Structure formats: C-alpha cells, structure tokens
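Here the structure is laid out as structure tokens; the discussion comes afterwards.
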Amino acid sequence: MNKHFETIAVRDQIERTGNKEHSVPLYLTSGFVFDDAEEMRASFAEEKQRDLYSRYSNPNTNEFISKICKLEGAEAGFAFASGMAAVYSTFAALLSSGDHIVSARSVFGATHGLFTKYFPKWNIETSYFGVDDVEVVESLIQPNTKFIYCETPTNPGVDVLDMEYLSDIAKKHNILLIVDNCFATPYLQNPIKFGADLVIHSATKLIDGQGRVLGGVTVGSEALIREVYLFSRLTGPSMSPFNAWVLSKSLETLAVRADKQCDNALKLAEYLEKHPKIKRVKYPFLKSHPKYDIAKKQMRLGGTIVAFEVEGGVEGGKTFFDNIEMCSLSANLGDSRTIVTHPASTTHAKLADEDKLAVGITPGTVRCSLGLEHIEDIINDIEQALDKI
Ligand SMILES: *Cc1c(COP(=O)(O)O)cnc(C)c1O
C-alpha cells in the first residue's frame, strides 16, 4: 500500500544496528572496514553494494537520499554539502564544453553567477527566457542544447512556471528538464510528476527548517544520477553524515511545519493586498497572482514566501527594514523564524539594474519568508514598520 507523505517522512529509516535504537544513530565515520581482500575487491568493483568511504556514501546520507527519493517519486539521488554544490555538480556532470542550456532568467543569484561568470570560460552558453514569455523557449533551443532549467516558484520573485509545458518542449527536442524545487520542497510539489528529469533542492531552506545546516540533493532516474554520482565521488562535494542525520530528522516535521508556514504566508499576503502602503503583493495562491491556475495545479499549498513592494522605492524599503523589530533581517529562508530580506541590496546585488528588473526585483521589493510565530505577531511587526514609511 502506498503510504502518505507524513508517514514516509517519519517511518522510512535505514536498518537499525544490533542496539535496536529507535532514532537512527549518527555514523561519523570517514571509512568502512572489509572482511578480506575479496570483499574489498568486489566492493570497489561495485559487484557488492555497500558503503566504502563517506565521500561516496554513508548510512546517514543514504537514509536522507532514500527519503527524498520516496517523497519526490524518484529512482535515485545524491546528497551534497549545499544547494549550490548540488546545482554545480549536476551541471558539471552532465555538460561538456560547447554545450548550451536554456534557463529561466529568474534563478537564484549564485546559479545566475555560475551561468554568467564561469560557464562562458568553459565554453558553455546560456540563453534566457522571462517567466512571462515561455512561448520563446522552443525558439531558443539549438542543436547543442542539453537542458532547460528553471525554479518554480522563483527566488525572490515568487513567479510560477508551467512545468508540463516546459517538459513537453524538452521531450520533443530530446533534452532534459531540470527543476530547482527549493521553494516548494517535496511536500508542496513533485516536479517529476509534471515531467522533470532531475530535481534539485537546497535542503538548507525549508527542509532543514531551523536554519542550522547546509545541504543539497539531486534526484532523478538511475541513469542520470549515476553520472552525477560518478562526478561527485571524484570531486567530493558530498553531504556530511552529521548534516544528513539532522536533515533526515527535519524531514519528519516538514509537513506540519510547511502547513503552518504556508497558512501564515497566505494570511500575510491577504493582509498586505489591502494595505495602502503596499504597491504589489506576489503569492502563488492569491487569485491576483498571474499564474494562479498553474500554481494550483502544481502545488499542494502556496509556499512559505511572500514577495511585496513597499511605497517609496529604495528609501521606503530602507525605512521598512530599519523599523522591523521582531522579524529577522537575514539572507536565509524557510526558517522557523520569519525573515525579511531586501534582494536588491543583498542576494541579487551583483545583478545589473536591468537584470534585477527583468527578474522582478524593484528597489522596494521585500521577500518575506514566513516562520512559525503566531500570525498576529508577524503582522503587527510588519504593520508598525509600514506605518513609519
Ligand atoms: C538557497 C538556494 C540555493 C542554494 O542553496 P545553498 O544551500 O545556500 O547552497 C539554490 N536555489 C535556490 C532556489 C535557493 O533558494
């Protein structure tokens, strides 16, 4: 019988040791021992499946990967030290000099930095499409295009892309669709269901949910993950057993945290929509969101991030941030504590002004990651800061 998300998240564990501990122990070991020369030979030759060395695999990383695979509906995966290690290693494993990729313009700042600063020096070219003109995607595909890449919802604009549409184009041209599912987590959205070939997460965000550890993971078919694994076991971006142990436990509470944080986000978005000092609110499950129907089709709930624009441009934004009392001014997101950020001066500061605008970042744009506090306290804090503008 197929179990529900919540049940898999708490019950899917690796085998217990002879001590029969209820909570899976932490395997802080770099290597593993063999009985004899033959076992060692067979293990290195991959004739025998077992852990050899923690750069390749470890019981704790295996558990974390197995849970994410079940929750995403994927065959296989590999866990990384951070979300960016997952993004970079996945690209590096699958791309060669002379290749081309088609990407949404609106991607995480560091991913954008990879495309613009490092890929050109390896002769990998990127063509971009705006979140509002996906009709151009097919025309951007060249004979050397290897994949289409996107995030949905996007960071920080909270735009939504139609994965089935993109996957149809990818299949027609025999290329891959790779989706960064960080904002939604496996609980809110499963891109493989909508045709994605590989799904990437920064586990640092809502998967950890308490702002403690960095982590990343890529999941997909056995064959594709095999390539990602072979590259990664040589180059060493692997997740530490400790972080995997923390993140496996975090997954146990993901559904209840996400339910509450999404509820807080929807309530804040509805409140802000009526506020006179707010020029614009973006939240996937607000009827005013331009891709509301697609968000409803793809996502279980609207996510934990609300983007909004305060009156008064840069000065308005500055006054707002300087008067926030409870919410944290921090670059993280998906934490149990509500966080407000100013993408224009922080995470996306390196983008040229026209690129900022192209990805929906105006000078007064605020990204709010809703935490687990009581919604009235969150709204009160935001309200008193807006009053000062
Ligand atoms: C944070 C983030 C990343 C990078 O993750 P790290 O764990 O910080 O390396 C990648 N994609 C998105 C959408 C993110 O929000």
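Points to keep in mind about this one:
- Residue, surrounded by the most Cβ atoms within 10 Å (Cβ to Cβ), within segment 352-389, restricted to residues that are small (Gly, Ala, Ser) and out of contact with any helix residue (DSSP H, G or I) (no Cβ under 7 Å at 6 or more places or on another chain): Ser369
- The single condition from (1) at pLDDT below 95; (2) closer than 21 Å to Met239 by Cβ; (3) of a type in the set (Lys, Arg) that Arg11 fails is (2).
- Filter result for the condition that a residue is aliphatic (A, V, I, L, M), in contact (Cβ under 8 Å) with a residue 60 or more places away in the chain and within 14 Å of the ligand (Cβ to nearest atom), over Leu188, Leu224: Leu188
- Test: residue in segment 180-202 that is more than 21 Å from Thr152 (Cβ to Cβ) and among the basic types (Lys, Arg): no
- Of all residues assigned to segment 174-190, at least one qualifies as being farther than 24 Å from Val10 by Cα and polar (S, T, N, Q).
- Residue list for segment 146-172, restricted to those being touching a helix residue (DSSP H, G or I) at 6+ places or on another chain (Cβ under 8 Å), part of a loop (DSSP other than H, G, I, E, B) and away from the ligand (no atom under 11 Å from the Cβ): Val160, Leu161, Asp162
- Test: residue in segment 102-117 that is farther than 30 Å from Leu266 by Cβ, of a type in the set (S, T, N, Q) and touching a residue at least 12 places away in the same chain (Cβ under 8 Å): no
- Residue among Gly77, Gly157 that is of a type outside the set (Phe, Trp, Tyr) and either buried (at least 24 other Cβ atoms within 10 Å of the Cβ) or at pLDDT 95 or above (or both): Gly77
- When segment 1-17 is filtered for residues that are assigned to a loop (DSSP other than H, G, I, E, B) and over 17 Å from Asp51 (Cα atoms), the ones remaining, listed by number, are Met1, Asn2, Lys3, His4, Asp12.
- For segment 128-145, taking the residues that are closer than 23 Å to Lys297 by Cβ and either within 23 Å of the chain's Cα centre (by Cα) or within 16 Å of the ligand (Cβ to nearest atom) (or both), the one that is surrounded by the fewest Cβ atoms within 10 Å (Cβ to Cβ) is identified as Asp133.
- Tally of residues being in a loop (DSSP other than H, G, I, E, B), surrounded by 15 or more Cβ atoms within 10 Å (Cβ to Cβ) and of a type in the set (S, T, N, Q) across segment 18-66: 3
- For segment 356-382, a residue qualifies if it is farther than 16 Å from Gly312 by Cβ and not aliphatic (A, V, I, L, M), and the qualifying residues are Lys356, Gly360, Arg367, Cys368, Ser369, Gly371, Glu373, His374, Glu376, Asp377, Asn380, Asp381.
- Residue match in segment 67-74 (condition: assigned to a loop (DSSP other than H, G, I, E, B), more than 16 Å from the ligand (Cβ to nearest atom), over 24 Å from Leu206 (Cβ atoms) and more than 15 Å from the chain's Cα centre (by Cα)): no
- Residue satisfying condition, being under 23 Å from Ala9 (Cβ atoms) and among the small types (Gly, Ala, Ser), within set Ser82, Ser139, Ser54: Ser82
- When segment 81-95 is limited to residues that are among the hydrophobic types (A, V, I, L, M, F, W, C) and in contact with a Leu (Cβ under 9 Å, 6 or more places away or on another chain), the one that is nearest to the ligand (Cβ to nearest atom) turns out to be Met84.
- Subset tally (residues that are within 14 Å of the ligand (Cβ to nearest atom) and among the hydrophobic types (A, V, I, L, M, F, W, C)) for segment 191-210: 6
- Every listed requirement among (1) touching a residue at least 24 places away in the same chain (Cβ under 8 Å); (2) part of a loop (DSSP other than H, G, I, E, B) is met by Glu138 save one, (2).
- Here segment 96-119 is the region considered, the condition is being surrounded by 15 or more Cβ atoms within 10 Å (Cβ to Cβ) and among the aromatic types (Phe, Trp, Tyr), and the residue that is nearest to the ligand (Cβ to nearest atom) is Phe108.
- So Val306, is it in contact with a Phe, Trp or Tyr (Cβ under 8 Å, 6 or more places away or on another chain), touching a residue at least 24 places away in the same chain (Cβ under 8 Å) and within 16 Å of the ligand (Cβ to nearest atom): yes
The values are calculated or read from the model by the stated rules, or taken from the named source; none is laboratory data. The shown structure was predicted, so the numbers you read here are calculated from the model rather than taken from an experiment. Using ideal geometry, Cβ is built from the backbone for each residue, glycine included, and neighbour counts are taken over all protein chains shown.
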